[in-house]
Amino acid sequence: MIIRQLQDILGTDRDVQDPHGKWASRRLLLRQDGMGFSMHDTIIHAGTESLFWYKNHLEGVYCVSGEGEIENLATGEIHPISDGTFYGLNLHDKHLLRARTQLRLICTFNPPLHGAEVHDDDGSYPPA
Ligand code: 9YT
């Protein structure tokens with residue numbers, strides 16, 4: 001059984017800061033933990049807009065606090081995000097994520113991240 005506390009991850013190599021300063025991702029679970037998915041407690045900083053396009057991963061995201069929106073760039077649809085909103089990028093959906101206030105998102109990736117991925121210019125992470 002794996003037991004982890006967010007407090008113990010802060011400031012370690014599992015506490016990943018966006019090089020552009022838009023988010024912080026605290027990796028509770030990674031590929032090397034062997035569970036087939038990764039799970040992250042992610043903070044999206046207030047007032048930011050980020051382009052993400054996970055071509056090589058499926059991502060599920062559950063918002064537990066904050067206010068923002070996601071724009072589906074394939075359709076132009078904009079969906080509000082707040083405490084209790086889930087979105088699943090089942091079509092590897094290219095999107096813009098906007099945080100009006102600080103968002104706290106619980107994110108899962110399949111396949112799992114190993115932790116050293118860096119977003120490319122398209123907003124994707126390289127294949128596992
Ligand atoms: C929601 C989202 O995609 N945020 C970007 C960071 C990513 N979730 C990660 O690496 O944890």
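Read the figures in this text as sums done on the coordinates, not as results from a lab. Worth saying up front: this structure is predicted, and the values here are computed from it rather than measured. In this analysis, Cβ positions are derived from the backbone assuming ideal geometry, glycine residues included, and neighbour counts consider all displayed protein chains.
Only one of the listed residues (75, 85) is surrounded by fewer than 18 Cβ atoms within 10 Å (Cβ to Cβ) and more than 9 Å from the ligand (Cβ to nearest atom). That residue is 75.
Pairing residues of region 93-112 that are hydroxyl-bearing (Ser, Thr, Tyr) with residues that are more than 11 Å from the ligand (Cβ to nearest atom) and assigned to a strand (DSSP E or B), at Cβ distances under 7 Å and at least 6 apart in sequence or on separate chains, gives 101/67.
With respect to residue 115, is the statement that it is within 12 Å of the ligand (Cβ to nearest atom), assigned to a loop (DSSP other than H, G, I, E, B) and on the phi > 0 side of the Ramachandran plot true? Spelling it out, residue 115 is indeed within 12 Å of the ligand (Cβ to nearest atom), assigned to a loop (DSSP other than H, G, I, E, B) and on the phi > 0 side of the Ramachandran plot.
Within region 54-72, being touching a Ser or Thr at 6+ places or on another chain (Cβ under 7 Å), in a loop (DSSP other than H, G, I, E, B) and surrounded by 18 or more Cβ atoms within 10 Å (Cβ to Cβ) holds for 54, 66.
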